[in-house]
Structures are given as C-alpha cells and as structure tokens.
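The values are calculated or read from the model by the stated rules, or taken from the named source; none is laboratory data. Keep in mind it's a predicted model, so treat the numbers as computed, not measured. FYI the Cβ positions are ideal-geometry reconstructions off the backbone, even for glycines, and counts take in every protein chain you see.
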Amino acid sequence: MAFKIASSPHLSRSFQTSSLMQRVMLCALPGVAVQCFFFGWGTVIQALLAMSVALISEALVLKLRARNVTETLRDNSALLTGLLIGIAIPPLAPWWVTVIGTLFAIVIVKQLYGGLGHNIFNPAMAAYVMLLISFPVQMTSWVAPSVIASQPVDFIHSLQMIFTGASSSEISAYKLGFDGISMATPLDTIKTDLAMGLTTIESLSKAIFSNGFGVGWFWVNLAYLAGGLVMLKLKVIRWHITGGILAALFICSSIGYLLNPDTFTGPLLHLFSGATMLAAFFIATDPVTAATSVRGRLVFGALIGILVYIIRTFGGYPDAFAFAILLANLCAPFIDHYMKPRAYGHRSAT
Amino acid sequence: MPVLTLFEQIDKGTLWRSIGGIHPPERKSLSNRTSIASLTIADEYIVPLNQVGESSVLAISEGDYVTKGMLLTRGTHFGHLPVHAPTSGHVTKIEQRPSNHASGLPVLSCVITPDGRDTLSPDIHAPLSWSDIAAWSNEEILKKIQDAGIAGLGGAAFPTHIKLNPASDIELLIINAIECEPYITADDMLMREQSDAICLGIAIIHRLLQPKRLIIAIEDNKPDAIEEMHHALNRSQLPKEGVRITSVPTLYPSGGEKQLIQILTGEEVPSGSIPAQLGIVVQNVATCYAIKEAVLRSYPLIERVVTVTGNNTSNPGNYWVPIGTPISHVLTQTGFRGNETDKVIIGGPMMGYALYNDSAPIIKGSNCLLLPDSKELAPEQKELPCVRCGECAQVCPAQLLPQQLFWHAKAKEYDKAVNFNLADCIECGCCTYVCPSNIPLVEYYRIAKSAVKTEAEEKKQAELAKQRFELRTQRLEDERLAREAKQKEAAERRKSTMSSTDKDAVAEAMARIKAKKAAAGSNASTTAPDAPDNKRKDVAAAIARAKANKAAQNNPDASAGHSQPSEVNSGDDKKAQIAAAVARAKAKKAAQQGSKTASSDESNVSVDPIDTPEGVTAPIDDKKAKIAAAVARAKAKKVAQQGSKIASSDESTVSLDPIDTPEGVTAPIDDKKAKIAAAVSRAKAKKAAQQASEADSFDEIVAPVKTSDAPQEVAPPVDDKKARIAVAIAKAKAKKAMLKTESEKE
C-alpha cells in the first residue's frame, strides 16, 4: 500500500501568527480603557475607525495584488496596525486624519513593500510621523485629562467633533483645565517650560502634574505596562527589545538627572510619560521591522531608548518614539549583519 | 578548562545548559506499558545489500539455503558491514526492491523465503562469560563486532567497529540512553528488560576504549529504566570509579550527539569534526546490547527492538523485529487501522520520514514505526509569510539563525545560506515546530543543502572539463609544433641533399615562369596593370559572368547553329558549371570577334585563360582553374582543328596546365581534373548524340563533342583507375551514339 508522504517534522506547536496578533490586541485593551477614561471616547472611536479603514484598504490592495483576501486578513496584522494608530492619534482629531494615516500605513508602508513580513518600517509609526509632519495642529491637540479638565468630552460630542469637524475654539475648550488655563501634554509642558528657563521643579508644580507624574498619563502607562507584562508571560513577545528601550531610557535620564536635576527630567517621569510603555511593549516589538538575533534586539532597543531621550531633551518634538523607532528600523539590517550569534561548533562568531 | 577539572565536574554530575530545544508532548505512555513482544515469521524477508559492489561481495546466490544468522555478504573493504539472514529459508531472489528511505528508491536486496523453522546458524553458540574473553585482544573483539554487522542503532547506523577504533585516545565514553523524541520507547524497554546484558556490552566497549570516565545518560522521564540500570551497574563488571549514571532533564533534542556532549561536558564539537577528536565517544544503548550478543555469542545483528505506536495501531508497544521484515507485515501483525490517506512514519514525529511504500523492510536504523491518525499530529497548514518573530532562533540547538537560512534558501541565495552555517543544521525540526507562520523550514534547508551539493558537483565537473580542454589544446599545439619542426627539418635535409643540377633546374623553371609572365604582360595590350588586385579580379570576374550570362541569353539560337551548352546535363552540377564556362568562352569569343578591342578587364580574371592566343595564364582559383582548364581544352581543340599554330603553353605552370600540344589534351595530373575531363567527354558524347539528330554543322569552338574526335581527344589520366573507367565509359557512350546516329542516318 502507498501512504501519504510529508517532510519531517510532523509535529507543530500550532501557535499561529493570527493568535499572536490577537493576544497583542487583547493585552493592549487595559491601556486603551484607561486612556479612554482619562481622555474620552475619542480614543475608542479613533481606534475603531482606524481598524475598519485598515481592513478595507488591505482587502482592496490584496485584490489588486491578486492574493487571497480572507486568508491574509485573518492574520490580524492590519487590525493591530489600525488599533495602534487609533491609540496614538489625539482623541479629537478629525476623521480624515485617521483615515489618511491608516491608508498610508497599510497601503504604502506595508503592502507596497510586499505585505506582511516584507515591510521595512513600522507602519503605525511611519503613518504617525507622516501625520505629525503634515497636520501638526490636529496632531498636537490633546485634551486635558478628564479628572482635571473643566469639561470632559462625552461620547456624542466626541463623535460629532471627529466626524463633522471641530473648530479650534471648540477644541481649545476641551483643553482647559480647572483653572481655565489651556493644558498641553506633560512632556510638552516640561519642554516649553525648560526652554523658557523654568526649572523642572517649577514645571512639575503645574496642574498637569501630580506627585511628579503627569496626570492621567501615569495611569495610562501603568496599564500598558501591565498588559505588556502579561504578553511577556505568555511568550507573545520576548523581553530583549523592551528591556533595551526601558534600560537605555532609564540610564540616559538618570545620567541627565544626576548631572543637573534642574534642567533634565528624571527617569521615572520619562518612563511613565507619553507613549513610553505603549511603544516599548506594543509598537517597537513589532518583529517584522526589528532586529532578529538576541544581541541584535538588545542593541536595537538601546538605540531606540537613547534616541528617545535625545529627541525629547534636545530635539524639537515633545514625544519622540515614532522618530526613534523609524530610525532604528533603518538600522535593523545593519545591526543584524554585525550581531550574528555564534553557531555551535564555531569558536569565533561567523 | 583543564581536563581534570572537567572530570571532577562530571563526577559531581554537573550539567551544562543546553541551548534552545523544545518540549513537545511526549506521548510515551502509549507504548511503554507492555513488555517487548515478538512477531510471527513473515512471508518473506528483504535484506538490503547496499554495500555490495562498493565494499562487499555476495556470499550466497539465488536458490541457496540459509540459516538464521548466516553471512550473506563478504567484505572487500575495511569499512564494510556484512548483512546476515534474519531467519532460515531459501534465497528466492536477489533483485531491486524499494528501500526503507525517504526517497523510496529501489536498492539491491536479498529476498529470503523462510521455511518456518527458524534454524539458528551453527556459528552461533552459547554465551561466553566475561572471564572467557579476558584473553582476547582488541583486534579480535573488533573483528567479532564487524563480522556481526553491528551499526549504530540510534538511527545513524554508522559502523561500530570503526567508531570503537578511533585514532585518538578516548577519555570519556558516553552511553546515549536519552531517547528524546516523543513516542519512542524502544531503548526504555530494552533497559528495563535487559539491563545486565546492556551493562556487559558497555563493559566490552569500556575494555576496548579504556576511557577515564564513563557516563550513562538517561532522560529523567524514564525513572524505571534509571533504577534498573543502577542495579545492573552494581552487579556488572564495570569499575565503580569513574562510572556513573546521569539523569538529564527532558528536552528535545538533548539526545543528539553534539547536544548531549554539550550538556554533559559543556564542550562543543567543532564544526566538521567528530567527537573522537575531543576524546569522546558516544554510543547508543541498544548498540551495547547488540555488541554483547555479537562478542559473547557470535550472534549477528539480525533483529532489533522497534516501537510501534500511534493512534492507528491496535497494539502499540515494542517488538523484537528481525532486520528485513517488510513493514506491511509489522503493520498487519500489530493491527494497523489506517488507510492511504494516513502517514506511516519511520522514526519519531520530529525527525522521522514518511514512508511511501510499505513493502520496504525494517533496517538496522529503524527504531520506531509511528502510525498517527489524521488528528493526532499537526494538520497540514498553509505557509504564511515569515513575520521575523525570531522564535526559531530561540529554539535552535545548533545556535543558528534559521530565519536567515530560510530567507536565503527561499531566494535561492545558497552561498549566503552556507555563510550562515547551513551545513551545521542537524534537521531536528525545532524551528519548524515553533514557527507561527507554518513555514516548513527543515524542508527548505534540505532543498538548499541538496542544491549546494549539486552545485558543488557541477562545479567540479566543469573544472575537470576545463582541465581536459586545456590539456587537449596544449597537446594539439605541441603536435602542430612538432609537425612543423619535422617539416622544417625535412626541408632542410632536402635542401642540403639536393644536387646542384636540381637546383639549377628549379632556378630555370622559376626564370621561365617569370619570362612567360612578362611576355604575357607585354603582348596582351588589353591586359590590365600587373599588380593583381584581388578585389578588382573579383569585380572583373563578376562582370565577366554577367556578360557571359547575357551573351548566353542573347544567343539562344546561335547564328551558326551554336549549341546550347546549358542544355547539356543540366542535372549535374559540375557539368553545369563546365557548361557555363563553355558558354562564357563562347560569349567571349563572340565579343572578341565582334570587336577588336577585347574587354580589358577580363584579362585579369582568373577564370579567363582565353585572352591571348599565345598562351594560358595560370588560373588562381581551383574551381575556376578547372573550368578554365576545360575551356582551354576546348579552345585548343578548336585551334588544332583550324590548324593554326598555338604557342605551346609553358610547362612550368605545373599543376594546372592541360594544354601542352596541339594534338591533344595532356593527361591532367590531378584526380579531380581527370574527373572533369571525363565529365567533359561525357558531355561531349551526349552533345554529339543530340546534335547529330538536329543540326549539321557545329560551331567548332563550342562543339564540345566531335563525334569522331571526342573519345580520342580526351587522354585518360595515367594514374587514376576511376577516371580511366569514366573515360572508357564516355568513349563507349560516344561510340554508341555515333553508331546510333549512323544507323539512323541510314
């Protein structure tokens, strides 16, 4: 009798890419929830909008490329990209900002380069940078955290403002804190204050901060940290990239803080402000665009951490993860080439 | 690290970290609950004879009667492994049969039909004791191991007598009882049932190698086996010092030789070398049992323990299976429940290969028959794009970068894959096991490895071909030089031996040629300047041909009843050429007769010898020369008939001068010329036959045939029989034609 033939091995762990992406999305939910609490439903609306646009645009491009649409969509990578874009964009940004950004991410940054596994740049971060440069006003208009805002945004208003457009006066209304003074993000506040010549202590005494951490942002980062630790436990991601980022950022900010605490912000503030935890656990760990070997990943993460500190402290933007990640993506092949692991039986690294 | 410290650590039982590896579900409990059973005798046994022709010859032939354990092949090479009959019976056939290999390619096999009596060979005897063999030398023990055909039973089937005779000193002997693959329990059960025999075998190896340390490594998922071996070890002949049983944490693939050495000693076998170069020898525990049987009982390797397991078998467990048992027999005996859509895997689920044809036999390396049903192992899934997650690199026990190997293998950049140490891949399957995109990584590596091998082969062949070519051109060059040197030498010799008169004759001949040339040049007013220009000649020739054609066209019915030479034998190419030349001559004649100023540009044409009545210039081109010769002959004939004196052409135009005397045509020296002459005469004969019926008068120039003249005027060539025959035939034909016309006239 003749039997079926196949190549060894005949066993598999059967942990699919789609479940990988799914778990990442699930672990991001706590952070999204906290962000929604502090900054309104806009975050969720943007996320859902971005995810839908991602799915539709990927389906269209796959049809153009004559690929199997359902199979490819099922790997959940487009959904994850959409989610990350939605989280990163300010909650009250107009709908077309989200749509343009997601289209750019899926069609140009991902599919034009060959689809999943072939893109060089992190699609979400490339889209974010593109939006930031093209629409600076819309992309920097964050609302005040709900606990200290003079009027937190409710769901209907969020919908309305996103889809029908909001005038700048409306948006600035939501930026007002209790004291009626318009609030920027904590990192933005510190940056401008330091540039104006205030010390860190003076800046930290502003309403946007409490106990040395940014209001709202601290909890958001904590939530993302929790989700990230769950991912580590489930072995969805490995610790090397995240560890590299956080360690490098911690070390750099500690050095700065020790040198001159008045003009350099301390490590804790850096670690729990802005998009630090989100980027360190969810965005920079995108395996397609990162380095591959263990040593390479550590270097990759450290590079991002250092770049983030430099741009945040000396650069022109308050938050720097998008730029840092893109720059590190550029360096990934170079890092891979020089950080090859030593194979068994070869004494010197080949 | 100095070796002594290593030994101290070994004595303590230190284990080093093993890199990578996975924890697949073990599923050993399916088959380790029953003791090792036996099967009934099969209908036929197929013993592969791989080495016959390379390192061994047959010791039996078709029709012979063999006993169980009888020798089937005899060695001609030091590395040969003999094979033996697994049972008693008759050798029915020695032919190609499907092999037990992933490829399924046929191999020469000895087919034995058993007689059912299972008679032992008389060479097999009652077991000797340890003290009985105390006096034996190492060579004797190794010879017994070789004669029994013992190969490594862990799967690689390397000849044991070679492994146990290493060139370097062995300091550490490792007995590999890890059995890390899921499902397989053969070594486990063997250790539980035959621990004393195994320890005897280990003692024999220990005696051969005299290592400083001995480790029996067993995975910790076999607690019963570990206990049994401990008891047996205490009872055994092995020394108490330096011998230990080490329990190794369960991890796939810690049973691989290189990985096991790394776990037990922390050392790595350098890429491309063998453990013996580190002073280490690793031997499978089942091989130890076989060694004991061979040395103490002269019992060859004719059976082994095979695990039959999986959901598709009704009786999972371990069986003593004779080497050569068809797998179909094992399947039916153990209650196979599957069909063609199921897999039959030889080996474990990680490294075993799926067998296509179950008529293949069990061979020395087959340690397991895995029969999964459709849901038991991983379902076939579509390959998705690689997301560069890096999990494969995390689990690779050889510390490679499987991801890079995959990218390069897929892009067929095999040299880059080799740079990433493709050759060090042990094909364990860990990378494929963890890949979330279901990429069949090991399959890519296998294809890449074979492509690299094929490329290397082709390159070698191309290199050899290039060498051969270069040698050949060199040889031809040398021969040519030698030839030239010889010719030169001969010429020198001739020159030196030539008498002065000869030299004078040559000089006179040369002078005559010169004079004739000068004369021809001065007399012919129409001759063009002396410096012959090839191009001008070619142009002139073309013009001449055109003119001839035109003349031929313009004078289809000759005024004087010119014949139409073009009608003569138009089927024959050569004859046509000759006819064309004749037509040209005629045209030229007409032109010359028409106007006194003959065409000047024709005189330099090599094809035109009839420019002056004085003589014939030497034609340059061969074919043209022949045509010229024919034309000249015609002309001469005409002149002869006219009775005018034609200056005798110079004899010095040696090779191509057929017109010496007015009386006739001298014999052409060349063979071809003779043929042409014969052809011309044939043409003439035919012409005569034709013309005889129509016209009365012939133009003498063109008349290639004068019936009365033709046969005689073509002088036969002196040296060529064929030409002579042709001429004779032509003569006969002409005579016949003549007779015919004469008869018609009458």
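Things worth noting here:
- Some residue of region A:327-336 being free of Cβ contacts under 8 Å to residues at least 12 places away in the same chain and within 14 Å of chain B (Cβ to nearest Cβ): yes
This table checks each residue for (1) outside any helix (DSSP H, G or I); (2) closer than 30 Å to B:Val387 by Cα; (3) away from chain A (no Cβ under 13 Å); (4) within 24 Å of the chain's Cα centre (by Cα).
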site: B:Pro436; (1), (2), (3), (4): yes, yes, no, no
site: B:Tyr444; (1), (2), (3), (4): no, yes, no, no
site: B:Ala456; (1), (2), (3), (4): no, no, yes, yes
site: B:Glu463; (1), (2), (3), (4): no, no, yes, yes
site: B:Arg468; (1), (2), (3), (4): no, no, yes, yes
site: B:Leu481; (1), (2), (3), (4): no, no, yes, no
site: B:Glu484; (1), (2), (3), (4): no, no, yes, no
site: B:Ser496; (1), (2), (3), (4): no, no, yes, no
site: B:Ala509; (1), (2), (3), (4): no, no, yes, no
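- Test for A:Ala59: is it more than 14 Å from chain B (Cβ to nearest Cβ) and either crowded, with 18+ Cβ neighbours inside 10 Å or assigned to a loop (DSSP other than H, G, I, E, B) (or both): no
- Breaking point among (1) surrounded by fewer than 13 Cβ atoms within 10 Å (Cβ to Cβ); (2) more than 30 Å from B:Pro349 (Cα to Cα); (3) of a type in the set (D, E, K, R), for B:Lys68: (1)
- For region B:260-271, a residue qualifies if it is more than 14 Å from B:Glu171 (Cα to Cα) and either in contact (Cβ under 8 Å) with a residue 60 or more places away in the chain or outside the structural domain of B:Phe158 (by TED's automatic domain parsing) (or both), and the qualifying residues are B:Leu260, B:Gln262, B:Ile263, B:Gly266, B:Ser271.
- Condition check for B:Ile112: closer than 22 Å to B:Trp320 by Cβ, among the aliphatic types (A, V, I, L, M), outside the structural domain of B:Cys396 (by TED's automatic domain parsing) and not in a helix (DSSP H, G or I): yes
- Any hit, region A:191-213, residues being of a type outside the set (A, V, I, L, M) and under 18 Å from A:Leu246 (Cα atoms): yes
- B:Arg17 meets each of the listed conditions (1) touching a Pro at 6+ places or on another chain (Cβ under 7 Å); (2) within 30 Å of A:Val294 (Cα to Cα); (3) not aliphatic (A, V, I, L, M) apart from (1).
- Residues being assigned to a loop (DSSP other than H, G, I, E, B), within 14 Å of chain A (Cβ to nearest Cβ) and over 19 Å from B:Cys368 (Cα atoms) - total across region B:250-301: 9
- Filtered by the rule that a residue be buried (at least 19 other Cβ atoms within 10 Å of the Cβ), at negative phi and either without any contact (Cβ under 8 Å) to a residue 60 or more places away in the chain or among the small types (Gly, Ala, Ser) (or both), region B:366-392 gives B:Ser366, B:Leu377, B:Leu384, B:Cys386, B:Val387, B:Cys389, B:Glu391, B:Cys392.
- Residues of region B:222-259 that are within 18 Å of B:Pro24 (Cβ to Cβ) and either surrounded by fewer than 20 Cβ atoms within 10 Å (Cβ to Cβ) or hydrophobic (A, V, I, L, M, F, W, C) (or both): B:Val248, B:Pro249, B:Thr250, B:Leu251.
- Residue check, B:Asn318 away from every other protein chain (no Cβ under 11 Å), over 30 Å from B:Ile170 (Cα atoms) and surrounded by fewer than 24 Cβ atoms within 10 Å (Cβ to Cβ): no
- Only residues that are touching a strand residue (DSSP E or B) at 6+ places or on another chain (Cβ under 9 Å) and surrounded by fewer than 19 Cβ atoms within 10 Å (Cβ to Cβ) were counted across region B:160-177, and they come to 2.
- Residue that is nearest to the chain's Cα centre (by Cα) [pool: residues in region B:356-397 that are within 11 Å of chain A (Cβ to nearest Cβ) and assigned to a strand (DSSP E or B)]: B:Asn357
- Any hit, region A:300-316, residues being small (Gly, Ala, Ser) and within 14 Å of chain B (Cβ to nearest Cβ): yes
- Any chance B:Leu405 is assigned to a helix (DSSP H, G or I), of a type outside the set (Asp, Glu) and more than 14 Å from chain A (Cβ to nearest Cβ): no
- The number of residues in region A:327-350 that are aliphatic (A, V, I, L, M), crowded, with 20+ Cβ neighbours inside 10 Å and under 16 Å from the mean Cα position of the chain (by Cα) comes to 1.
- When residues of region A:1-25 are limited to those that are in contact (Cβ under 8 Å) with a residue 60 or more places away in the chain and more than 8 Å from chain B (Cβ to nearest Cβ), the one nearest to A:Ala50 (Cα to Cα): A:Val24
- Of the residues making up region B:326-346, those that are surrounded by 20 or more Cβ atoms within 10 Å (Cβ to Cβ), at the interface with chain A (Cβ under 8 Å from one of its Cβ atoms) and within 22 Å of B:Leu153 (Cα to Cα) are B:Val344, B:Ile345.
Conditions (1) in a helix (DSSP H, G or I); (2) modelled with pLDDT of 95 or more; (3) charged (D, E, K, R); (4) surrounded by fewer than 23 Cβ atoms within 10 Å (Cβ to Cβ), marked per residue:
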site: A:Leu11; (1), (2), (3), (4): no, no, no, no
site: A:Phe15; (1), (2), (3), (4): no, no, no, yes
site: A:Ser19; (1), (2), (3), (4): yes, no, no, yes
site: A:Val53; (1), (2), (3), (4): yes, yes, no, no
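- B:Ile145 vs. criteria crowded, with 20+ Cβ neighbours inside 10 Å, assigned by TED's automatic domain parsing to the domain that holds B:Glu293, closer than 22 Å to B:Ala59 by Cα and modelled with pLDDT of 90 or more: yes
- Screening B:Val57 against (1) without any contact (Cβ under 8 Å) to a residue 60 or more places away in the chain; (2) hydrophobic (A, V, I, L, M, F, W, C); (3) surrounded by 14 or more Cβ atoms within 10 Å (Cβ to Cβ) leaves a single unmet condition, (3).
- Of all residues in region A:256-272, those satisfying the criterion of being assigned to a helix (DSSP H, G or I) and either free of Cβ contacts under 8 Å to residues at least 12 places away in the same chain or of a type in the set (Phe, Trp, Tyr) (or both) are A:Tyr257, A:Leu258, A:Leu259.
- Picking from residues in region B:407-442 that are of a type in the set (Asp, Glu) and buried (at least 18 other Cβ atoms within 10 Å of the Cβ), the one that is nearest to B:Val395 (Cα to Cα) is B:Glu427.
- Scanning region A:237-255 turns up no residue that is assigned to a helix (DSSP H, G or I), within 14 Å of chain B (Cβ to nearest Cβ) and in contact with a Cys (Cβ under 7 Å, 6 or more places away or on another chain).
- Answer residue from region A:300-350, given it is in contact with a Phe, Trp or Tyr (Cβ under 7 Å, 6 or more places away or on another chain) and among the small types (Gly, Ala, Ser) and is nearest to B:Pro275 (Cα to Cα) among those: A:Ala332
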